[in-house]
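Read through the structure below, which is laid out as structure tokens, and then see the notes.
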Amino acid sequence: MTTSFDYVPPKVWSWDKPNGGRFANVNRPIAGPTHDRELPVGRHPLQLYSQGTPNGVKVAVMLEELLALGHRDAEYDAWLIRIDRGDQFGSGFVELSPNSKIPALVDQSGPMPIRVFESGAILIYLAEKFDAFLPTEPGARAECLSWLLWQAGSAPYLGGGFGHFYAYAPTKIEYAIDRFAMEAKRQLDVLDRRLETNNFIAGSDYTIADIAAWPWYGGLARGWLYGAAEFLQVQEYKNVARWVDAIAERPAVRRGRMVNRVTGEASSQLHERHDASDFETRTQDKLATGG
């Protein structure tokens, strides 16, 4: 591989070789399905197709929080989409999510199924459907949505930027790691300053802004993402730490983080979720088969 300081971009870029790295087998410069695969459909009003990455965790946590509030119509089936194996390029999933990114949701509670893709859009859809975790007063709503979209715009620099070059890229490039480490720390500082005078991101109440941001910045703070907590000196951000710990203690967050998860201790994984009792009755056989 050509070193970064010898590389001169061609006049016209072409995809003529794998780019290496952890996800090289599924990366490609075109959209659309690579294979035919229908998606399973369960019996509950909501069907979630996802994996327990930070973006996937957002929606699972939201659904578990809604159920904890007593919204029975928030019952859901969670089906595992293995993004490392290319499940996101199956024809059924691409029909739901044209961008081939998890998570995707189908609401089949009405006369016609409604699809929703992109995690932020799903959070807004569910918040409005159940009138929960999104303020209705105009000023508070604007604040919440502003922070929600801050997270959506910031996460690519944290994940595809810092996370990729620090943890996944086949070649460690000092400039790239330094550039995105600086941005990751800047984001943590933005969040820390906000949380200095607010219990939660949007203000005094727990909202979809917290549900969206916690899997990313909480994962980073606790060393779950990229093993980079020490590298980024995350412990410096005391207000972030307080916020991370408070949300981590929520039972719905603990459950949601398990859904569609395929990494970590086996006891922390629930590959598929079809009933609340699955959290108590899962077995090693079910984990091994994705059942």
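The values are calculated or read from the model by the stated rules, or taken from the named source; none is laboratory data. As the structure is a computational prediction, the values presented were derived from the model and not from experiment. Methodologically, a virtual Cβ is constructed for each residue, glycine included, from the backbone with ideal geometry; neighbour enumeration extends over all protein chains shown.
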Among the numbered criteria (1) over 23 Å from the mean Cα position of the chain (by Cα); (2) assigned to a helix (DSSP H, G or I), which one does G56 miss?
(1)
Within segment 61-79, the count of residues that are farther than 12 Å from H271 by Cα, touching a residue at least 60 places away in the same chain (Cβ under 8 Å) and not charged (D, E, K, R) comes to 9
Scan of segment 169-204 for residues that are assigned to a loop (DSSP other than H, G, I, E, B) and within 22 Å of A152 (Cα to Cα), ordered by number
E196, N198, N199, I201, A202, S204
In the list D77, D84, D73, which residue meets the criterion of being farther than 24 Å from A152 by Cβ and assigned to a helix (DSSP H, G or I)?
D73
Would you confirm, using the coordinates I've provided, whether P138 is modelled with pLDDT under 95, surrounded by fewer than 19 Cβ atoms within 10 Å (Cβ to Cβ) and either of a type in the set (G, A, S) or over 15 Å from the mean Cα position of the chain (by Cα) (or both)?
no
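If you scan segment 247-274, which residues turn out to be among the small types (G, A, S) and either surrounded by 16 or more Cβ atoms within 10 Å (Cβ to Cβ) or within 24 Å of L39 (Cα to Cα) (or both)?
A252, G256
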Being buried (at least 21 other Cβ atoms within 10 Å of the Cβ) and among the polar types (S, T, N, Q) is true for just one of S109, S91, S100. Which residue is that?
S100
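Do we have any residue at all in segment 247-258 that's more than 30 Å from D73 (Cβ to Cβ), at pLDDT 95 or above, under 21 Å from the mean Cα position of the chain (by Cα) and in a helix (DSSP H, G or I)?
no
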For R242, are the conditions met, namely being farther than 27 Å from P103 by Cα, exposed (fewer than 15 other Cβ atoms within 10 Å of the Cβ), basic (K, R) and modelled with pLDDT of 95 or more?
yes
